[in-house]
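Each remark here refers to the structure printed beneath this line.
The values are calculated or read from the model by the stated rules, or taken from the named source; none is laboratory data. What you see is a predicted model, and the numbers here were worked out from it, not measured in a lab. With ideal geometry, Cβ positions are generated from the backbone for all residues, glycine too; neighbour counts draw on all protein chains shown. When the accessible area is computed, the model is the full protein with side chains, heavy atoms only, and any ligands, DNA or RNA have been set aside. Shrake-Rupley method; radii C 1.70, N 1.55, O 1.52, S 1.80 Å.
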Amino acid sequence: MAGTSSTERGSWNSKLGFILAAAGSAVGLGNIWAFPTKVATEGGGAYLLVYLVCTFLIGFPVMVAELAIGRKSGKNPVGAFKSLSSNKFFPLVGLWGVICGVMILSFYTVIAGWAFGYAFEEIFFYFGWDAGANWLTDTSNGFRNAIIAAVFMIGTIKIIVGGVSDGIEKATKTMMPLLIGIIIIMIGYVMTQPGATEGVREYLLPDFSKITTGLIFSAMGQAFFSLSLGMGALITYGSYLNKKENIPQAAAMVTLADVGIAFLAGLLIIPAMYVAKNAGIEIFVGDQLASSTDLVFQILPALFHSIGGAAGLILGVVFFLLLSIAALTSTISLLEVPVSFVIDEYKVPRKKASWGVGLGVLVVSTIVAFNTSLIGTFDYIFSNLGLPIGGLLTCIFVAFVWKTDSAITEMEYGFAGIRQTLFSKVWPMFIYVICPLAILYNIITNFI
Ligand code: PHE
């Protein structure tokens, strides 16, 4: 164990607790709000295929690297890079991760707030309280956006204040099974509705002519965002991990959970969209399928309203709660990164750090709430570009500064025979060559 620091900083109570917390970080708006429409509009099964390749061949090796860095150092991303080498540049990579986390969190809470507000909108609509329902659905209302984002942020802070095992682990251990249960039940319902099979076809049939450098860049960005990579979330979560846990195995479980839930979310959302089309609701803008935002915040509510009655109410509320839960388990990890940075580096007590950082991010969120066009800009800079760049530099650090062999030595704790496995021969190749080149190539071709 990382000695005294682990007791002060906290640690996971159980392996399952860690897996659920890390999977909770991974599974979020990226899976339910962004992924399904990206698949449907950017090539169906072809996008899915590229996404899976990016996830397993680029994302998974980077996740292993982040967890190893975190557990070895027992620190936040900045402290981790500092403690594993004397190189002055790499702590800045950790800092870049902290900045990306803060900026992603600032717009993430606004979208999460929309989802949370819509759960109540469904109730207001059911009871015919139109004024309240209309207020809740007006995503252009900055004041409304700011208030609900604040509620969401305060909820996140309250969980973080509880610490690693009593706060984060406990909350995600209840929320993740609930989330999986809700998705499966909703898929069961949607599949029985007319129009659903057309949606399944749109979702899964590949259109290989759509594979372009733009698609590959988009799928790679999505993979990094969805796996919570490139900003130190998994360095931080890894820093609370017990030495007896097997890192590659844990990373594989988190990756599979993330991909599995993204896949299920697609199987829920795209067919639901075609059920809506069947019910006479417009789902195309020109010849393009509606965007993620229109889909989730206009078409699906219209579908729930058209189903009407208690069924419409229950489906609507449950769906938006699902989205809110998924978002909350992710905002927890987004906030934990800068909070752990402040706790470790400035020796601020957890409670003070959580409220201070959380409310600081809320100021940025409020600006975003009033200027929602910033969401796209922030998403592009800090998610699509920022996370792959963070991942690239993490690979370079492990390959050339800390050395993959030191990482494998760290992984021997919890995986004694690792040096006799194929993994220990192949993983370094990914970290030295395949991941950095793939990421770099993607970023460069996207600009050209
Ligand atoms: N993985 C989360 C999602 O898919 C977002 C996230 C990104 C969370 C980076 C933490 C760190 O929605």
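The figures follow:
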item: Cα-based Rg and Dmax for region 34-90, where Dmax is the largest Cα-Cα distance (Å); result: 16.8, 47
item: Too-long pairs where the Cα-Cα distance tops 25 Å, listed order kept, from 82/347; 15/38; 72/158; 158/244; 15/88; result: 15/38; 72/158; 158/244; 15/88
item: Per-pair calculated FRET efficiency, R0 = 41 Å: residue 380 and residue 406 via Cβ, rounded to 0.05; result: 0.75
item: Charge dipole of region 15-447 about the Cα centre (unit charges at C-beta), most positive-ward option of 216, 68, 286; result: 68
item: Contact order relative to length of the chain, as percent, for alpha carbon pairs under 8 angstrom and 6 or more apart; result: 34
item: Theoretical gain in end-to-end length, residue 147 to residue 197 [0.36 nm per residue, Cα-Cα removed]; result: 14.1 nm
item: Burial ranking of peptide ranges 294-307, 179-192 (average Cβ count within 10 Å, highest at the top); result: 294-307, 179-192
item: Sequence-separation-based contact order of region 295-448, relative, with Cα cut under 8 Å and 6+ spacing, percent; result: 14
item: Efficiency of FRET between residue 92 and residue 432 - r from beta-carbon atoms, R0 22 angstrom, step 0.05; result: 0.50
item: Among 53, 18, 437 - extreme Cα towards positive end, dipole of the chain, charges at beta-carbon; result: 18
item: Full-stretch length increase - residue 285, residue 14 - with 0.36 nm per residue and alpha-carbon distance subtracted; result: 92.8 nm
item: Theoretical gain in end-to-end length, residue 420 to residue 371 [0.36 nm per residue, Cα-Cα removed]; result: 12.2 nm
item: Principal-axis tilt of helix 60-73 within the chain, Cα atoms, nearest 10 degrees; result: 50
item: Sorted peptide list for 424-431, 351-358, 74-81, criterion being average Cβ within 10 angstrom, highest first; result: 74-81, 351-358, 424-431
item: Scattering curve values for region 26-173, log₁₀ I(q)/I(0), Debye with Cα scatterers, q = 0.14, 0.16, 0.20 Å⁻¹; result: -0.99, -1.16, -1.29
item: Candidate aspartates and glutamates - alpha carbon under 14 Å from residue 352, same-chain residues fewer than 8 apart omitted; result: 336, 344
item: Apportionment of accessible area to carbon and sulfur, the chain, percent (1.4 Å); result: 68
item: Rg followed by Dmax, in Å, when region 15-447 is reduced to its Cα trace; result: 21.0, 66
item: Separation of alpha-carbon centers, region 148-193 and region 219-253, rounded to whole Å; result: 19
item: Protection proxy ranking, peptides 335-343, 135-143, average beta carbon neighbours within 10 Å, highest first; result: 335-343, 135-143
item: Rounded Å value of the spacing that divides the Cα centres of region 370-448 and region 32-69; result: 14
item: Using alpha-carbon coordinates, inclination of helix 247-278 to the longest axis of the chain, degrees; result: 10
item: Within region 15-447: Cβ-based charge dipole about Cα centre, in debye rounded to nearest 20 (Lys, Arg +1; Asp, Glu -1); result: 1460
item: Cα lying deepest toward the dipole's positive end in the chain, options 370, 84, 204, charges on Cβ; result: 84
